[in-house]
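Student: Sharing a structure here in structure tokens format.
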Protein chains: 2
Amino acid sequence: MQVQEGRDKFIQAWGTLGSSWGINRTMAQIHALLLISHVAMSTEEIMESLGISRGNVNMNVRSLMDWGIVHKELRPGDRKEYFYAEKDIYITAMKIMRQRRKRELEPLIDIMTQLKQVKPDETKEGLALTKAVHDIDHFAQQADTLLNAMEKMSSNWFTQQFLTLLKKIKPI
Amino acid sequence: MQVQEGRDKFIQAWGTLGSSWGINRTMAQIHALLLISHVAMSTEEIMESLGISRGNVNMNVRSLMDWGIVHKELRPGDRKEYFYAEKDIYITAMKIMRQRRKRELEPLIDIMTQLKQVKPDETKEGLALTKAVHDIDHFAQQADTLLNAMEKMSSNWFTQQFLTLLKKIKPI
DNA sequence: CTACACTTTCAATAACTTCTGAATGGTTTT
DNA sequence: AAAACCATTCAGAAGTTATTGAAAGTGTAG
């Protein structure tokens with residue numbers, strides 16, 4: 001496979017996968033494009049490369065920056081903004097995880113907190129509800145703690161300690 | 001808050017959260033309904049409770065069974081099928097994780113494997129692509145190993161609990 | 001064999017999400 | 001002060017995904 005073909009395939013694939021990762025297709029394609037570009041790109045260049053509108057680029061680039069996986073670069077004497085992707089894949093993965101925790105886990109915890117207010121009664125229905133709420137809340141708290149801990153650790157920890165840990169737990 | 005209000009809120013909330021968990025709203029609502037029901041429910045009852053069509057219940061119940069978080073119960077002398085949810089939240093979470101690994105990680109690994117075939121050249125573009133593919137592939141492999149390990153550990157944990165219980169009932 | 005009680009499938013459509021392109025707004029150059 | 005340049009917003013268009021309801025399929029009992 002040649003490089004140009006590979007690049008196209010990469011962008012295409014990252015875009016498709018994006019959907020199943022909860023990132024929309026265009027956002028993922030822009031991210032892919034920037035990931036494999038060795039220079040920062042302007043809005044125009046992104047529009048051109050992917051054949052999408054200015055508004056679309058603008059919105060999605062902004063989301064990518066919110067997530068902290070794409071950054072802006074300003075060049076002296078140039079009013080355009082240039083964008084480049086975080087190149088460390090572990091940091092990138094961490095930031096994506098962080099967003100997902102926000103979107104998936106936090107609302108869950110909030111709602112369970114509310115539902116713990118349900119006045120327990122002794123009907124079977126009441127007990128089933130109370131148990132479900134309790135279990136889910138407990139689980140969500142644990143997952144949250146775990147993800148928080150992982151986030152605090154550096155990509156350094158990841159590359160070194162994490163592998164060691166994996167080797168230890170693997171042969172169960 | 002009263003029990004009935006709590007139940008409605010629970011179903012509503014689980015449905016909303018489902019979307020951000022990659023489960024569709026109805027599928028999640030059916031799951032919620034079964035989670036807090038102390039008895040197995042028929043298609044009719046689910047339709048009625050959630051106000052949705054027969055086809056919709058059928059499709060989503062089938063998906064839930066594919067995921068292994070809802071099961072079917074047959075009653076002698078009754079041709080209807082009754083459905084109930086896995087009540088252990090850890091097992092449920094594990095099964096959901098497993099589906100997500102399938103949908104999110106496996107395609108990623110497949111595509112990176114393909115892209116590793118790109119003939120590396122010495123242009124900056126070529127090198128950036130090669131590096132990105134390498135890094136992502138490495139990361140995906142690690143994540144896959146980790147999730148597999150977790151899955152194994154939990155079933156292990158589960159088996160152990162089960163064995164302990166067995167010993168208590170009938171000492172070998 | 002026929003009626004019945006259910007489950008499954010599927011084409012049409014409804015609901016939701018993403019994208020466009022034109023309008024708006026702010027800043028710098030002429 | 002006007003023109004040029006670029007970012008941002010947003011209402012409607014396009015595209016995608018979920019839902020319905022009716023038809024087809026399956027198995028059982030009379």
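The values are calculated or read from the model by the stated rules, or taken from the named source; none is laboratory data. Keep in mind it's a predicted model, so treat the numbers as computed, not measured. Counting neighbours? That spans all protein chains shown, and the Cβs are built from the backbone with ideal geometry, glycine included. Just so you know, the surface numbers come from the protein's heavy atoms only, side chains and all, with ligands and any DNA or RNA stripped out. Shrake-Rupley method; radii C 1.70, N 1.55, O 1.52, S 1.80 Å.
Student: What does the convex hull of the alpha-carbon atoms of chain B project to on average, in nm²?
Tutor: 16.3 nm²
Student: Over chain A, give the accessible area per residue in Å² for a 1.4 Å probe, as an integer. Show your work: numbers first, answer last.
Tutor: Numbers: 9360 Å² over 172 residues.
It amounts to 54 Å² per residue over chain A.
Student: Quick one: if the Förster radius is 22 Å, what FRET efficiency do residue A:87 and residue A:44 give, using the C-beta to C-beta distance and rounding to 0.05?
Tutor: Working: r = 22 Å, r/R0 = 1.02.
Given R0 = 22 Å and the Cβ-Cβ separation, E is 0.45.
Student: About the Cα centre, and with charges only on the beta carbon of Lys, Arg (+1) and Asp, Glu (-1), how big is the dipole of chain A? Nearest 20 debye, please. Mind showing how you got there, number by number?
Tutor: Values: 24 positive and 21 negative charges, 70 e Å.
With only Lys, Arg, Asp and Glu charged at Cβ, the dipole is about 340 debye.
Student: Amide H to amide H, which residues 5 or more places from residue A:81 or on other chains are under 5 Å from it, using H placed in the peptide plane?
Tutor: Here the answer is A:43, since their amide H atoms fall under 5 Å of that of residue A:81.
Student: Still on this structure, I have one more. How high is the FRET efficiency between residue A:116 and residue B:75 when r is their beta carbon distance and R₀ equals 35 Å, given to the nearest 0.05?
Tutor: Numbers: r = 35 Å, r/R0 = 0.99.
Working from the Cβ atoms, E equals 0.50.
Student: Just the Cα atoms of segment B:61-102, one point each, no solvent: what log10 I(q)/I(0) does Debye give at q = 0.14, 0.18, 0.31 Å⁻¹?
Tutor: One equal scatterer on each Cα of segment B:61-102 leads to -0.37, -0.54, -1.05.
Student: Express the carbon and sulfur contribution to the solvent-accessible surface of chain A as a percent, rounded to the nearest whole number, probe 1.4 angstrom.
Tutor: Of the solvent-accessible surface of chain A, carbon and sulfur hold 55 percent.
Student: Please report, for the Cα atoms of the protein assembly as shown, the Rg to one decimal and the Dmax as a whole number; what are they, in angstrom?
Tutor: Cα radius of gyration and Dmax of the protein assembly as shown are 23.8, 83 Å respectively.
Student: A further question on this structure: Starting from 0.36 nm per residue, how many nanometres of slack lie between residue B:53 and residue B:24 once their C-alpha separation is accounted for?
Tutor: Working: separation 29, 0.36 × 29 = 10.44 nm, distance 1.53 nm.
Difference between extended and current length: 8.9 nm.
Student: Run the label-point distances for residue A:81 please: 7 Å along Cα to Cβ, every other copy, nanometres, shortest first.
Tutor: Once sorted, the set of distances for residue A:81 reads 5.2 nm.
Student: At the nearest 100 Å², what buried accessible area, both sides summed, do you get for B and A when the probe is 1.4 Å? If you can, show how the numbers build up before the last one.
Tutor: Working: alone 12120 and 11780 Å², together 19030 Å².
The B and A chains share an interface burying roughly 4900 Å².
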